[in-house]
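Reviewing the structure listed below.
The values are calculated or read from the model by the stated rules, or taken from the named source; none is laboratory data. This one's a predicted model, so the numbers in the text were calculated from it and none came from an experiment. Here the Cβ positions follow ideal geometry from the backbone for every residue, glycine too, while neighbour counts run over all protein chains shown. With ligands, DNA and RNA removed, areas are computed over all heavy atoms of the protein, side chains included. Shrake-Rupley method; radii C 1.70, N 1.55, O 1.52, S 1.80 Å.
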Amino acid sequence: MGTRIRRDKDPRRKTWILVAVLVSIFCIIFFAASGRFRVPVSSRAVSLVLSPFQSGVAWVSGQFSYVGAQIWDFMTLHEQNKMLRNEVSQLRVQNLQAAEYAAENARLRELLQYKQTATQFDLKAARVIGRESATWSSVIVINRGAVDGVQENMPVVTEKGLVGRIVEAGPNSSKVQLITDPRSSVGTIVQRAESRVNGIVEGDPDNPTMPRMVNIPKTADVVEGDVIVTSGYGGIFPKGIVVGLVDHLKIDTGGLLQVAVLEPAVDFQKLEDVAVITASREAPPDPIVPPAQTPGTETNPAQEAAAQQAEAQQ
C-alpha cells in the first residue's frame, strides 16, 4: 500500500501526463488549422473543444497580418516621401536655374538690341566676374582680355549708358575703372539744346554711388533733370553716350563754380553684363528733310533742274 502511494505521488509521472495532454492538444489544433484533421459531423464535442482554439489561431493570424501590412505600408510611405523630397529639391534647383537663365537672356537681349542700334560702335560683350576688394565701388573685372581684342582706355558701356574704361588688359580678363572712381575723369555736356554746357564728371569720394559734374560756371544753364552725355573731348569716350541725370546742384567751396550731382544711368550695384567699345565711328547724320512748302507754291524738282540748265546754257 505504501508503494502505491509513492507511485501516485511520483512527480515525473504527472509531468509526462501533462506533456502528453499538451502535445495531443497541439496536434489537434495544428491538424485542424491545416485541414488535415477530420472529425465526424456528429462529433459536436470535438468541435466544441476545437472551436476556441481555431478562433484564437485565426485572431492571432489576423493580428500578424494586420501588423505586417502596417509595417509594409509604413516602409512604402517612407520611401515615397524620400523620393518626393528629392524630387522637390531637384525642381527647386531647376526653377532657380530657369529664373537665372531668364534674367540673363533678358539682359543679353537688351545688350544685343543696343548693339544693333549703335551701329557706330564695334562692341564686344563681356561679363562681370569680380570686383577689387580695396575699391569695391570703383573697379570691376570682366572676362574679356587681349585675346579678345580688348585694350587699355577702351570705353565700357551698357544699353543704359557709360560704365567706365579699361585700365588694365590681361590675356583673358580686364579691369574696368568705373565713372564713380574719384580718379576717373570724363568730358561731358548737357544734352539739352538750349544749354550745351560742358563739364567734367568724376567720382565723389564722399558719395561713392553718385558722381559729380564739375567746372560748371555759376551762371550756366544747368537744371535738375538735365541729361548728361559724353562730349567726345579727350579721345577716349565717344560723343553722345549717356552718363546720367542731374539730381541736384550745389555751389563749390570757392563760390565761383557750381557742381551737379548726378544719378548714374547705370546701376553699378546690379552690373552683370557689359560691352566694350573696341572701335568707334561717327554716327551717320540724320537725313535732311526739306521744309514744308506753302500751298500753291510747290515746285517740281525736275522742272527746276531743267530751268536751271536752260539758264546756264543761255
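Given the conditions (1) surrounded by fewer than 19 Cβ atoms within 10 Å (Cβ to Cβ); (2) at pLDDT 85 or above, report the number of the one that GLY255 does not fulfil.
Tallying (1) surrounded by fewer than 19 Cβ atoms within 10 Å (Cβ to Cβ); (2) at pLDDT 85 or above, GLY255 fails exactly one: (2).
Looking for something among the aromatic types (Phe, Trp, Tyr), farther than 30 Å from GLY240 by Cβ and modelled with pLDDT under 70 - is there at least one such residue anywhere in the stretch 7-25?
The initial filter retains those residues of the stretch 7-25 that are among the aromatic types (Phe, Trp, Tyr), namely 16.
So of that shortlist, the ones also farther than 30 Å from GLY240 by Cβ come out as 16.
Retained after the next criterion (residues that are modelled with pLDDT under 70): none.
No, because not a single residue in the stretch 7-25 is among the aromatic types (Phe, Trp, Tyr), farther than 30 Å from GLY240 by Cβ and modelled with pLDDT under 70.
Any chance you could count how many residues in the stretch 150-182 are farther than 20 Å from ALA265 by Cβ and in contact with an Asp or Glu (Cβ under 9 Å, 6 or more places away or on another chain)? Steps first, answer last, please.
Step one: of the stretch 150-182, the residues farther than 20 Å from ALA265 by Cβ are 150-153, 167-175.
Filter once more, keeping what is in contact with an Asp or Glu (Cβ under 9 Å, 6 or more places away or on another chain): 152, 167-169, 172, 174-175.
Qualifying residue count for the region: 7.
Which is within 30 Å of ASP181 (Cα to Cα), modelled with pLDDT under 95 and in a loop (DSSP other than H, G, I, E, B), of GLY296, GLY234?
Working: GLY296 fails: within 30 Å of ASP181 (Cα to Cα).
Testing whether each residue is within 30 Å of ASP181 (Cα to Cα), modelled with pLDDT under 95 and in a loop (DSSP other than H, G, I, E, B) leaves just GLY234.
Can you tell me which residue within the stretch 130-147, out of those that are open to solvent by 40 Å² or more (accessible area, probe 1.4 Å) and not hydroxyl-bearing (Ser, Thr, Tyr), is modelled with the lowest pLDDT? Break it down into steps so the answer makes sense when it comes.
Our first condition is that a residue be open to solvent by 40 Å² or more (accessible area, probe 1.4 Å); within the stretch 130-147, this holds for 131-134, 136, 143-144, 146-147.
Add one more test, that the residue is not hydroxyl-bearing (Ser, Thr, Tyr), and what stays is 131-132, 134, 136, 143-144, 146-147.
On the way: ARG131: 87, GLU132: 78, ALA134: 66, TRP136: 59, ASN143: 93, ARG144: 94, ALA146: 95, VAL147: 95.
The selected residue is TRP136.
Out of all the residues in the stretch 152-170, is one or more among the hydroxyl-bearing types (Ser, Thr, Tyr) and open to solvent by 60 Å² or more (accessible area, probe 1.4 Å)? Break it down into steps so the answer makes sense when it comes.
Applying the first criterion (among the hydroxyl-bearing types (Ser, Thr, Tyr)) to the stretch 152-170 yields 158.
Those left that are additionally open to solvent by 60 Å² or more (accessible area, probe 1.4 Å): none.
No: the stretch 152-170 contains no residue that is among the hydroxyl-bearing types (Ser, Thr, Tyr) and open to solvent by 60 Å² or more (accessible area, probe 1.4 Å).
Residues checked against (1) part of a strand (DSSP E or B); (2) touching a strand residue (DSSP E or B) at 6+ places or on another chain (Cβ under 9 Å); (3) not aromatic (Phe, Trp, Tyr):
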| residue | (1), (2), (3) |
| --- | --- |
| ALA102 | no, no, yes |
| LEU108 | no, yes, yes |
| ARG144 | no, yes, yes |
| ARG165 | yes, yes, yes |
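Mind checking which residues of the stretch 116-126 are in contact with a strand residue (DSSP E or B) (Cβ under 6 Å, 6 or more places away or on another chain) and either under 12 Å from LYS160 (Cα atoms) or open to solvent by less than 40 Å² (accessible area, probe 1.4 Å) (or both)? Don't jump to the end; show me each part of the working.
Our first condition is that a residue be in contact with a strand residue (DSSP E or B) (Cβ under 6 Å, 6 or more places away or on another chain); within the stretch 116-126, this holds for 121-126.
Correct list: PHE121, LEU123, ALA126.
Restricting to the stretch 159-175, name every residue that is without any contact (Cβ under 8 Å) to a residue 40 or more places away in the chain, out of contact with any Gly (no Cβ under 6 Å at 6 or more places or on another chain) and not hydrophobic (A, V, I, L, M, F, W, C).
Answer for the stretch 159-175, where residues must be without any contact (Cβ under 8 Å) to a residue 40 or more places away in the chain, out of contact with any Gly (no Cβ under 6 Å at 6 or more places or on another chain) and not hydrophobic (A, V, I, L, M, F, W, C): GLY164, GLU168.
Consider the stretch 171-199. How many of its residues are under 28 Å from the mean Cα position of the chain (by Cα), open to solvent by less than 10 Å² (accessible area, probe 1.4 Å) and of a type outside the set (D, E, K, R)?
The qualifying residues number 5.
Looking for whichever is more than 29 Å from the chain's Cα centre (by Cα), modelled with pLDDT of 75 or more and more than 30 Å from GLY240 (Cα to Cα) here; the options are GLU79, GLU152. Which one fits? Full working, then the answer.
Numbers: GLU152 fails: more than 30 Å from GLY240 (Cα to Cα).
After ruling out the rest, the residue left standing is GLU79.
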